[in-house]
Amino acid sequence: MRTRALHAGTLLYLLTAFAPPAVAQVDQPRAQEFFKEAQVLCERDGGRLWGVSICAPMVIGDARTQTFATSQPPPDAPRPKLIGLVNGPIQWGNTMWAAMTWDTIANWPARTRGEAFLHESFHIVQPALVLNGPAGANEHLDSVDGRYWLRLEWRALARALRESGELRAQAVREALAFRGARHTRYPDKVESERALYITEGLASYTQTVLAAPSEADAIARALELLAAAEDGESFVRTFTYTSGPAYGLLLDASSRGWTRTVRGSDDPVVLLMRALGVQPVADAAAAAARYGGAELRAAEEQREQQRQALIAELRQRFVDGPVFVMPCGGGGTSNSLGAVVIPGAGTVYFHPYRLSGACGTLAAENGVLEASDGRSRRLPAPVRGDDATISGDGWTFKAAPGWVVREGARRGDYEVVRQQP
């Protein structure tokens, strides 16, 4: 679904449930067909949506076999190591490429493949449109209140997309009230939510609109995403993949041409409120009853009980027990599906995680704890290798030149530090 900045890294973009991985190297004829599908969608837009073409060169790679395919002749430059590891924009030579991994894209249906390439291609032109910037983890969206009010907001947005006129305006007012209730509970997260709408919500809106053959099809796809998202294990970094298309399509209907005037400092939700001339309903709790609020609250409280047991287990593994600490950020790839927040510590990502930073490179398969500020990672149960390499359960870290692995302050802990002259 997404591939974009996770602090200084890249988050694997997922639109559907995990497909089984491809077992072979990159199939050149199939890859060329995938490129043609994406190119047709891009050329159909012709730059009308954003005022610029988002067509970009594309590359699909497989890290295990080191095979790859490109939509145009590759540049006379070293092939980036992240090809085959990351879904996202990659600089190769003097050009930015929309990159996808063979494992993720080979089993997707044509629509999902097209959406993914459009998403990453938009990220390439996004800086020139001044529509990107840093966005926090939004870890509050793993809490009962965060999830409860967000799911209500999604249900109201679905109603708004299905309705028109006054009924649509009323549903938008209710969605705004649910959003406002969440922001009242978490006022320090308002800006991080807004920033993620800009960086990822607009990319997800773009892919939904440009991949659909008509406005009605785009709305149907947005409704499909809203319905599917409620079953998500975690909304921490993924909520704008769902909210972005919904708010964007509602803006299309009420403020034609908004994509030509929106800026990185804007809030698309506020833009919609102004375009419709509406305010949130006064009583969010009363409105919640119209969207199954009582049943939804009960479901979230039950989930929270299960989550607390899991958090206790993860805290023992990633915080209290022996750990390896990597105290630097960097560029890489991870997948937020099923991520779990450990309050006060950060977020655990369970799927394949790759990171290349100033202090070294990390490859992990079974879980990484990323600090809330993105400045460090923790891995459980380290087993000492040598001064340059350390490994544990499903992970390996290799120190960069000028850095060494040493024992930490606690028994069993290790850390990577700058080498003393």
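The values are calculated or read from the model by the stated rules, or taken from the named source; none is laboratory data. Everything quoted here is computed from the prediction, not taken from an experiment. With ideal geometry, Cβ positions are generated from the backbone for all residues, glycine too; neighbour counts draw on all protein chains shown.
The set of residues in the stretch 348-375 that are modelled with pLDDT of 90 or more and in contact with a Cys (Cβ under 7 Å, 6 or more places away or on another chain) contains only 359.
If you filter the stretch 291-303 down to residues that are of a type in the set (D, E, K, R) and surrounded by 14 or more Cβ atoms within 10 Å (Cβ to Cβ), you find that the one that is nearest to residue 156 (Cα to Cα) is 297. Among 286, 298, which is the only one that is in a helix (DSSP H, G or I), in the same structural domain as residue 231 (by TED's automatic domain parsing), of a type in the set (Gly, Ala, Ser) and out of contact with any Lys or Arg (no Cβ under 9 Å at 6 or more places or on another chain)? None of the others qualify; the one that does is 286.
Scanning the stretch 362-406 for residues that are within 20 Å of residue 317 (Cβ to Cβ) and either free of Cβ contacts under 8 Å to residues at least 12 places away in the same chain or not assigned by TED's automatic domain parsing to the domain that holds residue 347 (or both) returns 383, 391. Exactly one residue out of 337, 226, 251, 314 is under 27 Å from residue 87 (Cβ atoms) and in the same structural domain as residue 363 (by TED's automatic domain parsing), and it is 337. Taken over the stretch 152-167, the criterion of being within 14 Å of residue 240 (Cα to Cα) and surrounded by fewer than 24 Cβ atoms within 10 Å (Cβ to Cβ) is satisfied by 154 alone. Taking the stretch 349-404 and the strands (runs of 3 or more DSSP E) fully enclosed by it, the elements with 1 or more residues that are surrounded by 17 or more Cβ atoms within 10 Å (Cβ to Cβ) and among the aromatic types (Phe, Trp, Tyr) are at 353-357, 395-399. Residues that are assigned to a helix (DSSP H, G or I) and either touching a Lys or Arg at 6+ places or on another chain (Cβ under 9 Å) or buried (at least 24 other Cβ atoms within 10 Å of the Cβ) (or both) are absent from the stretch 255-263. The single residue among 56, 110, 69, 63 that is under 25 Å from residue 224 (Cα atoms), touching a residue at least 24 places away in the same chain (Cβ under 8 Å) and outside the structural domain of residue 336 (by TED's automatic domain parsing) turns out to be 110.
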